[in-house]
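Take a look at the structure below.
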Amino acid sequence: MEEYFYQYPIIKWILIGAGVLYLLDKYGIFSPVDNLINLIGRYKFKSHGHLNDPQLKQITEYFNKKQFSNVEQLLKSFNAGKRSFAFQSLGQYGDSNVTDEWIKKESANDLPKIIKGYQLIHKAWEIRGRGTIDSVSNQKQVAFKNHLKKAEAILVAISLKTSVYRTNAVACLLTIYKAIDANRQYVHQLFEDTIKQFPEDAELHFSYLQFVSPKWGATVEEYENYINRMNEWSPFIQQLILAQYYFDLNYFQDYDDPEGKIDQFMSEIKAKPIENTNPYRYELYKLLYWTASNLNLAQHKTYYKEMAAPYLQD
C-alpha cells in the first residue's frame with residue numbers, strides 16, 4: 001500500500017498548509033483546524049465507546065456498581081483492541097467518583113489509574129467543546145489543558161512499566177501530547193519503545209498517526225518518517241493509515257479521486273471484511289464512510305455507514 005502515498009507529491013504542500021493552519025489556530029488567528037479536530041460540525045455524529053457491544057456495556061455496569069473484580073476479570077478476557085474500547089467506554093460512561101474510590105482502595109493497582117486517565121481525557125474534550133477557537137473561553141482552554149496534564153501525570157509512570165496496560169497508557173499520552181506542548185523527541189522515542197512490545201496495537205498506531213499529523217502541528221518530516229515505514233506494519237494497520245490519508249487528502253485539497261483509487265481501495269476492503277474480533281475496524285469504517293460521503297460514492301457510503309453504525313450515531 002505504500003506506493004499510494006508516492007503517487008501524489010502534492011501531499012507535501014497539503015501537509016505544510018495543514019501545519020500553517022494549525023499554527024493559526026493555536027495562536028487564535030483563524031480556526032479551521034477545529035473542524036478537523038471535531039468533525040461534528042460537518043458530520044453531526046456521536047460516538048459510542050461501548051460499540052453497542054453487550055460485554056463492553058456490561059463492564060461499565062460492573063464498574064459503576066463497584067464490582068471491581070468483575071471488571072478486572074472481564075478485561076483479562078478481551079484482546080488488545082477490545083480492551084482499548086473498554087477503556088474508552090469507561091472513560092465515557094464510567095463514574096469518576098467510583099474511579100477515585102477504587103484508586104484510594106487499591107493504590108498499587110494501575111487499572112483504576114488507567115481508567116482515570118481515559119476519563120480525564122474524555123472530560124477535557126467535553127470542556128473544550130466542539131466549536132471554533134473563538135468560541136472557547138480562556139477559562140475553558142485552561143481547564144481543558146489542566147485535565148490533560150492531570151491525565152499525563154497519572155499515566156507517565158504506567159507508560160514506563162512492562163504491564164499489559166502499558167500500550168493503553170502510551171496511546172493516551174500520544175493523544176494528550178498532540179494537544180499540548182511536549183518534547184517531541186521524547187514522544188517519538190516513547191512510541192518506538194512501546195511499538196517493539198506491541199507491534200500490532202491499533203490504538204497505539206492510530207494515536208501516533210494523529211500525533212505526527214501536520215494538522216496537529218507536526219512537521220512533514222515527522223509524518224513521512226512514519227508513513228515510509230508502512231511495510232513494517234500489518235495489513236490492517238496499513239489500511240487504517242491509508243484511510244486516514246485519503247480522508248485528509250480529500251478534506252484538505254478537495255481531492256475527488258479522478259483515477260478511482262479511493263473507490264478501488266473501498267471496494268477491496270468491502271470484498272474482504274475485517275474480522276469481527278478486531279473492534280478497531282469501526283475507526284476504519286468511520287473514515288471510509290465520511291470519505292465516501294464527501295466523494296458522493298453512494299454505494300460505498302451506504303455500506304460503510306451501516307458497517308460503522310455500532311460506533312457512530314449521525
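The values are calculated or read from the model by the stated rules, or taken from the named source; none is laboratory data. Note that the structure is predicted; figures quoted are calculated from it, not measured. Positions of Cβ are generated from backbone atoms using ideal geometry, with glycine treated the same way; all protein chains shown enter the neighbour counts. Heavy atoms of the whole protein, side chains included, go into the accessibility calculation; ligands, DNA and RNA do not. Shrake-Rupley method; radii C 1.70, N 1.55, O 1.52, S 1.80 Å.
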### Message
Under a crude label model (7 Å from the Cα following the beta-carbon direction), how far is Gln185 from Lys57 in nanometres?
### Response
5.0 nm
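Checking the a/c ratio against 1.5 first, then a/b against b/c, what shape does the Cα gyration tensor give for the stretch 155-253?
Working: a/c = 1.99, a/b = 1.35, b/c = 1.47.
In terms of gyration-tensor shape, oblate.
Shape of the stretch 54-99 from its Cα gyration tensor (a ≥ b ≥ c, root eigenvalues): rounded if a/c is under 1.5, otherwise prolate when a/b > b/c, or oblate? Mind showing how you got there, number by number?
On the way: a/c = 1.91, a/b = 1.34, b/c = 1.43.
Taking the square roots of the gyration eigenvalues as a ≥ b ≥ c, the stretch 54-99 is oblate.
I'd like the carbon and sulfur percentage of the solvent accessible area for the stretch 57-115, probe radius 1.4 Å, heavy atoms only, ligands and nucleic acids excluded. Intermediate values should be presented prior to the final figure.
Working: 1170 of 2730 Å².
In the stretch 57-115, the share of accessible area belonging to carbon and sulfur is 43 percent.
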### Global form of the stretch 77-205, assessed from the alpha-carbon gyration tensor, a/c cut-off 1.5
oblate
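Which percent of the accessible area of the stretch 142-260 is formed by carbon and sulfur heavy atoms (probe 1.4 angstrom)? Mind dumping the intermediate values first?
Details: 2350 of 4650 Å².
Percent of accessible area from carbon and sulfur atoms in the stretch 142-260: 51.
Using DSSP to call loops (not H, G, I, E or B), can you name the GluC sites (Glu not before Pro) in the stretch 224-314 whose Cβ has at most 12 other Cβ atoms within 10 angstrom? The partial results should precede the final answer.
Working: sites: Glu224, Glu232, Glu259, Glu268, Glu275, Glu283, Glu306; in loops: Glu259, Glu275.
Loop-located and lightly packed - Glu259, Glu275.
Let's see if you can work this out: charge +1 on each Lys and Arg Cβ, -1 on each Asp and Glu Cβ, no other charges. What is the dipole magnitude of the stretch 220-276 about its Cα centre, in debye to the nearest 20?
Details: 4 positive and 12 negative charges, 66 e Å.
The calculation lands at about 320 debye.
Going down the list Lys57/Lys270; Lys66/Lys149; Lys46/Lys113; Lys145/Lys261; Lys113/Lys301; Lys105/Lys305, which pairs span over 32 Å between their C-alpha atoms?
Details: Lys57/Lys270 28 Å; Lys66/Lys149 27 Å; Lys46/Lys113 26 Å; Lys145/Lys261 40 Å; Lys113/Lys301 39 Å; Lys105/Lys305 43 Å.
The answer is Lys145/Lys261; Lys113/Lys301; Lys105/Lys305.
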### Query
With r defined as the distance between the Cβ atoms of Lys66 and Asp256 and R0 fixed at 51 Å, what FRET efficiency is calculated, to the nearest 0.05?
0.45
### Query
Spin-label point model (7 Å from Cα, Cβ direction): what's the Ser47 to Thr277 distance in nm?
2.5 nm
### Summary
So, over other residues within a Cβ distance under 14 Å of Lys105, counting Lys, Arg +1 and Asp, Glu -1, the net charge is -1
### Query
Could you sort His50, His122 by accessible area so the largest value comes first, with the probe set to 1.4 Å?
His122, His50
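Take peptides 208-216, 152-160 and line them up by average Cβ neighbours within 10 Å, highest first, as a rough protection proxy. Intermediate values should be presented prior to the final figure.
Working: 208-216: 22.4, 152-160: 17.4.
The peptides rank, most packed first, as 208-216, 152-160.
Report the trypsin sites (Lys or Arg not before Pro) located in the stretch 67-133 that are in a DSSP loop and have at most 15 other Cβ atoms inside 10 Å of their Cβ, or state none. Numbers along the way, then the final one.
Details: sites: Lys76, Lys82, Arg83, Lys104, Lys105, Lys113, Lys116, Lys123, Arg128, Arg130; in loops: Arg130.
Hits after loop and neighbour filter: Arg130.
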### Rough spin-label spacing in nm, given labels placed 7 Å along Cα→Cβ, for Glu126 and Ala108
3.3 nm
### Summary
Taking every other residue with Cβ under 15 Å from the Cβ of Arg281 and scoring Lys and Arg +1, Asp and Glu -1, one gets -3
#### Entry: Cut-off 12 Å between beta-carbons: net charge of the residues surrounding Tyr311, Lys and Arg +1, Asp and Glu -1
0
